[in-house]
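These notes concern the structure reproduced below.
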Ligand code: CS2
């Protein structure tokens with residue numbers, strides 16, 4: 001990214017020169033660490049870090065965050081040079097605010113010093129570990145949650161080498177913590193996985209079994225580690241040079257770790273923290289006994305609709321989600337997806353009207369100040385579609401209902417995976433299963449039905465009851481045929 005040479009930099013010394021409204025809510029560098037966060041990406045900085053800073057400011061507690069980047073050395077260098085400070089800009093058509101966040105007590109690069117991360121996880125001062133590492137880092141098959149370790153994770157679990165994967169770090173850290181008798185801890189998945197707390201517990205227990213961990217350590221994890229489920233929500237696109245330039249203008253100093261986000265933010269957390277937690281409820285988070293209904297609401301009515309917008313938009317040549325929403329008829333089709341499929345597929349949280357929630361989601365997607373690239377949301381479809389769309393289809397079909405609009409999203413994903421947009425431009429398949437998907441599509445008959453059968457047969461992605469459903473297959477084939485023959489605009493016009 002472009003760096004303005006000689007510009008003064010955000011750091012502790014610059015704080016008092018910041019505009020008054022932009023200063024951190026806590027005195028940076030003064031709050032001892034109680035949280036380790038794995039995955040220092042834009043989402044964490046604009047979500048959990050903001051809630052945690054507010055919670056500390058309002059209720060106190062030694063809950064500074066040690067942010068661990070698995071691999072991003074440049075980000076760790078940047079944050080170190082900035083005394084762990086970064087800014088979050090909140091953008092809407094009408095308004096923009098920039099605030100420096102002082103929640104980070106330190107940063108580490110796991111790839112450079114994995115043992116330091118293991119030692120942190122075994123430190124009695126650390127009582128909460130949060131994660132935003134993206135779906136694929138869990139190395140669970142997305143359909144059933146079964147561990148599918150890659151060679152790096154196998155090496156982490158079966159040799160004494162320094163861990164190189166997120167599950168490897170967690171397992172080694174928990175074994176060290178149990179050996180040190182360092183007290184209970186909560187591991188909190190903040191990724192968009194189905195039942196993310198249960199998935200993370202499943203990952204840890206399957207990994208311990210794979211590693212042949214001794215029974216006392218397995219028992220220790222079973223009794224001393226909480227795995228609260230969460231629903232996290234805030235649209236935070238990857239930062240660009242424009243994000244950094246705008247933060248520079250707002251702060252008067254350069255912030256190379258700046259992020260920009262929409263104003264909306266939500267966090268629902270199951271209250272299962274055996275060694276305490278920050279008072280996140282003071283910052284607006286909802287603590288509850290079961291986040292499941294909230295998580296289904298968000299994964300299906302927001303993320304599923306996001307993926308639909310991303311695939312249809314990318315195929316039609318739209319660069320951003322907000323651009324895609326201006327495609328004629330797309331909003332109508334998304335409304336029908338929400339009302340006719342998503343809303344009737346599950347029981348929402350008490351008092352929530354899914355159609356109204358969906359309207360708010362579409363308004364958020366249309367925020368013109370947020371340039372969220374369709375290709376960013378389109379990434380890793382094999383890891384996302386099960387909880388976003390395929391579970392909606394499975395639940396509708398189990399209730400004897402059609403799943404017509406959800407089938408359109410599957411067709412759009414397949415067409416995207418085939419690699420060419422409506423105007424003949426090639427589209428990148430950025431997905432951990434890209435090779436498998438490409439090989440399956442190449443080996444299949446080169447017809448819409450051939451492509452659909454090849455994709456529905458990917459059993460680590462597609463639940464068996466969906467793969468075996470002739471009506472679903474027929475709907476997906478019909479949509480894919482339309483997308484091929486007529487392109488996105490005419491397909492939407494014919495359907496809306
Ligand atoms: C998006 C999410 O990239 C994606 O797949 O759907 O990152 C989305 O922006 C967040 O989950 C919103 O909370």
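The values are calculated or read from the model by the stated rules, or taken from the named source; none is laboratory data. Just so we're clear, the structure is a prediction, and the values are computed from it rather than from any experiment. Heads up, the Cβs are rebuilt from the backbone with ideal geometry, glycines too, and the neighbour counts pull from every protein chain shown.
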Inset, instruction - Would you check which residues across the stretch 209-230 are in a helix (DSSP H, G or I) and buried (at least 21 other Cβ atoms within 10 Å of the Cβ) and list them? - result: 221
Legend entry - Selection from the stretch 302-324 of residues that are under 21 Å from residue 91 (Cα atoms) and within 14 Å of the ligand (Cβ to nearest atom): 302, 303, 306, 309, 310, 320, 321, 322, 324
Inset, instruction - Pick out the one residue from 179, 116, 111 that is surrounded by fewer than 20 Cβ atoms within 10 Å (Cβ to Cβ), out of contact with any helix residue (DSSP H, G or I) (no Cβ under 9 Å at 6 or more places or on another chain) and not in a strand (DSSP E or B). - result: 116
Inset, instruction - Could you list all residues from the stretch 262-274 that are away from the ligand (no atom under 16 Å from the Cβ) and out of contact with any strand residue (DSSP E or B) (no Cβ under 6 Å at 6 or more places or on another chain)? - result: 270
Inset, instruction - Evaluate the following for residue 233: is it within 27 Å of residue 165 (Cα to Cα), touching a strand residue (DSSP E or B) at 6+ places or on another chain (Cβ under 9 Å) and either surrounded by fewer than 17 Cβ atoms within 10 Å (Cβ to Cβ) or not assigned by TED's automatic domain parsing to the domain that holds residue 64 (or both)? - result: no
Legend entry - For residue 394: the one exception among (1) in contact with a helix residue (DSSP H, G or I) (Cβ under 7 Å, 6 or more places away or on another chain); (2) closer than 20 Å to residue 192 by Cβ; (3) within 16 Å of the ligand (Cβ to nearest atom): (3)
Inset, instruction - Look at the stretch 365-386 and say how many of its residues are within 10 Å of the ligand (Cβ to nearest atom), surrounded by fewer than 21 Cβ atoms within 10 Å (Cβ to Cβ) and farther than 26 Å from residue 143 by Cβ. - result: 1
Inset, instruction - Spot the failing condition for residue 163; the list is (1) surrounded by fewer than 21 Cβ atoms within 10 Å (Cβ to Cβ); (2) in a loop (DSSP other than H, G, I, E, B); (3) in contact (Cβ under 8 Å) with a residue 24 or more places away in the chain, and only one is missed. - result: (1)
Inset, instruction - Identify, by number, the condition in (1) buried (at least 23 other Cβ atoms within 10 Å of the Cβ); (2) assigned by TED's automatic domain parsing to the domain that holds residue 51 that residue 324 doesn't meet. - result: (2)
Inset, instruction - Determine whether the stretch 290-301 contains at least one residue that is within 16 Å of the ligand (Cβ to nearest atom), under 22 Å from residue 375 (Cα atoms) and not assigned by TED's automatic domain parsing to the domain that holds residue 384. - result: no
